[in-house]
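Written below as structure tokens is the structure these notes are about.
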Amino acid sequence: MCPTPPAGLRPRLPSPLQPIEDDRFARRGVRLLLKRDDLIHPDLPGNKYRKLVLNLRAAADAGHDTLLTFGGAYSNHLRATAAAGRLLGFATIGVVRGDELAGRPLNPSLTRCAADGMRLHFVDRTTYRHKAEPGTLAELLRATDAPDAYVIPEGGSNSLAVRGCTALGGELREHTDVAAVACGTGGTLAGLAAGLGPDRHALGIPVLKGGFLGGDIAALQRRTFGEPTANWHLDDRFHCGGYARTPPELIAFAEDFEARHGRATGLFVERLYVAKLLYALTALSEEGAFRPGTRLTAVITGTV
């Protein structure tokens, strides 16, 4: 069941599910579908809406008037939180990784955050790494003059976010055999897998290198549901060198996918997450990773 949205948000739910005719999948007997979560909300697309919705309700129910969260200079999560604040009447504070950015002109992502009313607070990278520790977090709340702010973690991934993403699995349960999503902090995959149920499988494609994400996802599921589910796995081969790395072959793939399917679907292939997901699924299909007859769903998490 989809969580009830706070007043002021008008999401498009369930998001559309589009079948795609692509010979690279068809010749393997695989049916490709796109779960167009990018169309849920113009300012909170995809997993950003699903991860924020229960946090926003919790903040409102507890009487908070300020949201504080974290992200890098190009964080879509910061942009979505700023937009949610504008739409719902919360003040917002974004703690941004990299104090060297404080004296520079804002990039387009941070400019959008500021235009939506977000107050930006830049911190050095050491402080940022320790942001979840109680002492560091308390100091950040003091430094931003927001001792009573509702704190949302980096990427929005906490137990409420995971529960919000179970609705994605529920929407897909009767329509797919394997649901795949690009992963940053892992909250979407954690909820997706739980919502799909034990007879369906979730595949995560990390966009960061390091191999740490599996433990994080298991921990999120353990905190949320008591134990991890057994119906998901990660494939770490497709990060293309790390977050925000977009080598020429990835760009060429994204442009080709748009040329093949953009007119029929209206899809723009976002380069940092969605392109890596679709690239991975195409490679895996050509490797024979999916059994003939598989209904394979790519979760399109955003266009920004």
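The values are calculated or read from the model by the stated rules, or taken from the named source; none is laboratory data. What you are looking at is a predicted structure, and each value in this text was computed from that prediction instead of being measured. Cβ placement follows ideal geometry from the backbone for every residue including glycine, while neighbour counts extend to all protein chains displayed. Side chains are part of the model used for accessible areas, which takes the heavy atoms of the whole protein and leaves out ligands, DNA and RNA. Shrake-Rupley method; radii C 1.70, N 1.55, O 1.52, S 1.80 Å.
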### Query
So how do 156-169, 267-280 stack up, highest first, on mean other-Cβ count within 10 Å?
156-169, 267-280
### Query
How large is ³J(HN,Hα) for each residue in segment 95-109, as worked out from phi by the Karplus curve 6.51 cos²θ - 1.76 cosθ + 1.60 (θ = phi - 60°), to whole Hz, x for Gly and Pro?
8, 9, 6, x, 5, 5, 7, 4, x, 9, x, 6, 6, x, 5
#### Entry: Solvent exposure of the chain as accessible area per residue, Å², 1.4 Å probe
43 Å²
### Query
Given q = 0.08 Å⁻¹, what are the Debye log10 I(q)/I(0) values for the chain, with equal point scatterers placed on the Cα positions and solvent ignored?
-0.34
### Message
With +1 on the Cβ of every Lys and Arg and -1 on the Cβ of every Asp and Glu, and nothing else charged, how large is the dipole of the chain about its Cα centre, in debye rounded to the nearest 20?
### Response
260 debye
### Query
What is the distance, in nm, between label points placed 7 Å from the Cα along the Cα-to-Cβ direction at ASN107 and at ARG125?
1.4 nm
### Task
Sort 31-38, 208-215, 219-226 for me by packing, meaning the mean count of neighbouring Cβ atoms within 10 Å per residue, highest on top.
31-38, 219-226, 208-215
#### Entry: Centre separation in Å (Cα based) which lies between segment 1-72 and segment 197-238
19 Å
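Decide, for segment 78-125, between rounded, prolate and oblate: order the square roots of the alpha carbon gyration tensor eigenvalues as a ≥ b ≥ c, take rounded if a/c falls under 1.5, and otherwise choose prolate if a/b is larger than b/c, else oblate. Write down the numbers at each step before the final one.
Numbers: a/c = 2.74, a/b = 1.84, b/c = 1.49.
It is prolate, given that a/c is not under 1.5 and a/b is the larger ratio.
How high is the relative contact order of the chain? Use alpha-carbon pairs under 8 Å, at least six apart in sequence, and give a whole percent.
Averaging sequence separation for qualifying contacts and normalising by length gives 22 percent for the chain.
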### Task
Report, ordered by chain and residue number, the aspartates and glutamates lying within cross-link reach of LYS35, taken as a straight Cα distance under 12 Å and ignoring same-chain residues fewer than 8 apart.
GLU171
### Message
Which residue, ALA91, ALA58, PHE122, has the largest displacement toward the positive end of the dipole of the chain when charges sit on each Cβ (Lys, Arg +1; Asp, Glu -1)?
### Response
ALA58
### Query
Say R0 is 25 Å: what FRET efficiency, to the nearest 0.05, do ALA219 and ASP199 get from their beta-carbon distance?
0.55
### Query
Rounded to a whole number, what % of the accessible area of segment 44-106 do carbon and sulfur atoms account for, probe 1.4 Å?
49 percent
### Message
Nearest 10 degrees is fine. How inclined is helix 248-265 to the longest principal axis of the chain, computing both from alpha carbons?
### Response
80 degrees
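Suppose the chain between ALA91 and ASP235 were pulled fully straight at 0.36 nm per residue; how much longer would it get relative to their current alpha carbon spacing? Mind dumping the intermediate values first?
Numbers: separation 144, 0.36 × 144 = 51.84 nm, distance 3.82 nm.
Gain in length upon complete extension: 48.0 nm.
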